[in-house]
Every structure is written in C-alpha cells, then in structure tokens.
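Report on the following structure.
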Amino acid sequence: MAIDENRLREYSQSHGIPLDGKMLSSFREYGEILKEWNEKTNLTAIVDDEGILVKHFVDSLLLLEALELPREARIVDVGTGAGFPGIPLKIARPDIELVLMDSLNKRLLFLEDLCKRLNISAEKVHGRAEDLGRKESYRETFDLATARAVTDMRELSEFCLPMVKKGGFFAALKGFDIEEELGQAGRAIKVLGGRITEVKKFSLPDGGKRSIVLVKKISQTPTKYPRPFAKIVKSPLI
C-alpha cells in the first residue's frame, strides 16, 4: 500500500496548493520511507497511509494557505520530529531555505536519510531551541519559525520568537480550541516582541480540526530570552 497521490492532489488543490507529479511522487516516497524507518525507530504513532496523508501531509500543507511565504523564505521548523511541517513545505515550495531543528539525534538520522533519498536540501540541526535561539547564526534570522507541537503557546513562543526577524512570523500549528491558551500567552508574546495577527481555523478531510496561530514579529526580542529550559517551564511568562 502507498498513499493515494490523486487524493493528495485533490485535498491540496482544495486549499489552493497545487502539487505537480514530481511533488506527489516525493510525498508517496516520503510516506514509504517514514513507515520503513518507523519499524525500527519510533517516529510517529500514525503509520497508516490515510493517516499519513491527512494528519501529516495535508495538515502541514495548510500552512501555505494560512500564510503567504515570500520567495526563498528562510524557515526554521522547531522540534520537527519526523519532518512536519517543514519537509512537506519544502516539497511544495522548493524555493524555500529550510532548517530542521530537533533535540533527538535519532530523528535527525531519519531526516538525513529522507532528504538524501528525496534529493531535498535542508540544514539539519541537533539541539534545543532555547540554546540555538541565542546563537548568532539563528537568532532573528528567519522569515518564519514554525512548530507543530502540544507545548503551551507561552513556552512555544519563547522557543520560536527569538529566531524570527523583525517583520517575520511565528506560525504555531495547534488544536482547534485555542482561545483560552492564547489568552494566557498574550503577555509572553508581547514581551518577546510578537503580536498575534490572526488565528486561522481549518477542517481536515477526516473531520479533524486545526488552528494555525500567526504571530508577527514587530520588535526585537530582549537579549535575556530565550531563558534556559528549566526556567521557561518553572517560571512561564504570565
């Protein structure tokens, strides 16, 4: 079995995201490589073809509907895991400059193999966002920082916003009911130099729901952020 390329084309087209034959072939191969690796390394609990198509590929591609990315945008995928949403974005938009960050080396080994087999150019970085966000090569250098995570928006903003340059965006792929969490994260986002500009709501083909929170970087992040991980968790910005 393999993912249904025609259905992927149909789903993506319905969101205004055209995929050509080469892109669809890359997604099909991505699914196969993911399943192959997942037999020996736990990368995802979603291993059926329909789940991979909808919950990983379509879900990631929704970001291209939510936000218009400039040509050759520099993008960092924080805590990328098995490459979501970064690799689907790169397949659909080969012009972007992609950096994949993760704290677990086993995931980066998978991504190294995946990118080689799909002929995808992307920088793979082993480390934690709160450490890398203080390095000159990553701090405030990205047009977009994105993360698909269950982490609270307060902590996620401190991981991601320091990497975004002024005028760029932080896009968080979150669950549907996000309003209470955003209310609690408002001060943190402001302190870190961001402003929530929009929350876009989507329905997935399987009936699942998704929010994409768009935070624009309107001023530089104070130099003391991001703080060490233990402090971020113990003393969230509230």
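Where a number appears in this text, it was derived from the coordinates with a stated rule and is not lab data. Just so it is clear, the model here is predicted, and its values are computed rather than measured. As a convention, Cβ positions derive from the backbone with ideal geometry for all residues, glycine included, and neighbour counts pool all protein chains shown.
Observations, loosely collected:
- In this simple spin-label approximation, THR41 and ARG117 carry label points 7 Å from Cα along the Cα→Cβ vector, and these lie 1.1 nm apart.
- Close amide H contacts of ARG227 (hydrogens built in the peptide plane, cut-off under 5 Å, sequence separation of 5 or more or a different chain): none are found.
- Considering all C-alpha pairs of region 85-238, those separated by over 22 Å amount to 42%.
- The Cα center of region 107-133 and the Cα center of region 176-204 differ in position by 27 Å.
- The Cα atoms of region 174-220 give a gyration tensor whose axes a ≥ b ≥ c have a/c of 1.5 or more with a/b greater than b/c, which makes the shape prolate.
- Among beta bridges identified by DSSP and lying wholly in the chain, the antiparallel ones come to about 45 percent.
- For THR223, THR146, order by how many other beta-carbon atoms lie within 10 Å, fewest first: THR223, THR146
- Under 5 Å, built H, 5+ apart or other chain: amide partners of ILE96: GLU72
- Over all pairs of different C-alpha atoms in region 62-113, the reciprocal of the mean inverse distance, the Kirkwood hydrodynamic radius, equals 11.4 Å.
- Derived scalar couplings ³J(HN,Hα) [region 182-187; Karplus, 6.51 cos²θ - 1.76 cosθ + 1.60; whole Hz; x for Gly, Pro]: 5, x, 6, 8, x, 5
- Straightening the chain between LYS190 and LYS234 buys 13.9 nm, computed as 0.36 nm per residue apart minus the Cα-Cα spacing.
- Each residue in CYS160, CYS115 was given a count of other beta-carbon atoms within 10 angstrom of its own, and listing them fewest first yields CYS115, CYS160.
- Computed [θ] at 222 nm, helices only, for the chain once each DSSP H run of length n ≥ 4 contributes -39500 (n - 2.57): -11000 deg cm²/dmol
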